[in-house]
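Have a look at the structure below before the remarks.
The values are calculated or read from the model by the stated rules, or taken from the named source; none is laboratory data. Worth saying up front: this structure is predicted, and the values here are computed from it rather than measured. Quick reminder, even Gly has a Cβ in these numbers, built from the backbone with ideal geometry, and neighbours come from all protein chains shown.
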Amino acid sequence: MRPRKLKTPAKSKGLPFALIALLIGLFLLVLLLDYLIPEKTPGQSGITSNDGERLWAALEYNASSKNPVGFIAGDKVIDEQLANLAKNDYGELKKKLGLDYDFIIHFEDDKGNLLPIGNKYCIGSPNASIGGIQCG
């Protein structure tokens, strides 16, 4: 009698189980991250138009109002007021401006060069820098 040949199982033409499991896992991870990460619409900064109006009012200089932080009169910057503003501590300045978020104030010429504000190039958060120059 002749020995019988054992039949080998036919090879599956589909994807291996490990690859399918990996793809399902990645899909679920993407869904989870999409759920956990808050969406922001393009251009949304968290600052409302009311914040902008309040900030503009705080920065507007009016000699009769004795605004301690105002340094803009029309389209002009009052250098003396700006120099006084630069002397303030950052936390104190945030309170005077009524801000909850970080900020910097800087000026550039028409070529993009930073202009000095007293002995600084920007006023604001010590954690920020502009053009490689630390603010604060």
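Points worth noting:
- Screening the candidates Ile104, Ile123, Ile133 for the property of being farther than 21 Å from Trp56 by Cβ and touching a strand residue (DSSP E or B) at 6+ places or on another chain (Cβ under 7 Å) yields one hit, Ile133.
- Matching residues, the range 103-136, being closer than 17 Å to Leu93 by Cα and among the small types (Gly, Ala, Ser): Gly118, Gly124, Ser125, Ala128, Gly136
- Here is the figure for the range 116-131: residues that are in a strand (DSSP E or B) and over 23 Å from the mean Cα position of the chain (by Cα) total 1.
- Test: residue in the range 19-27 that is at pLDDT below 80, surrounded by fewer than 10 Cβ atoms within 10 Å (Cβ to Cβ) and of a type outside the set (Asp, Glu): no
- Matching residues, the range 67-86, being in a loop (DSSP other than H, G, I, E, B) and without any contact (Cβ under 8 Å) to a residue 12 or more places away in the chain: Asn67, Gly74, Asp75
- Members of the range 58-80 found to be of a type in the set (S, T, N, Q) and modelled with pLDDT of 85 or more, listed by number: none
- Taken together, Ile130, Ile123, Ile47 contain a single residue that is hydrophobic (A, V, I, L, M, F, W, C) and modelled with pLDDT of 85 or more, which is Ile123.
- Being of a type in the set (Ser, Thr, Tyr) and at pLDDT 85 or above is true of Tyr90.
- Checking each residue in the range 55-90 for being small (Gly, Ala, Ser) and either crowded, with 16+ Cβ neighbours inside 10 Å or closer than 23 Å to Leu115 by Cα (or both) picks out Ala58, Gly70, Ala73, Gly74, Ala83, Ala86.
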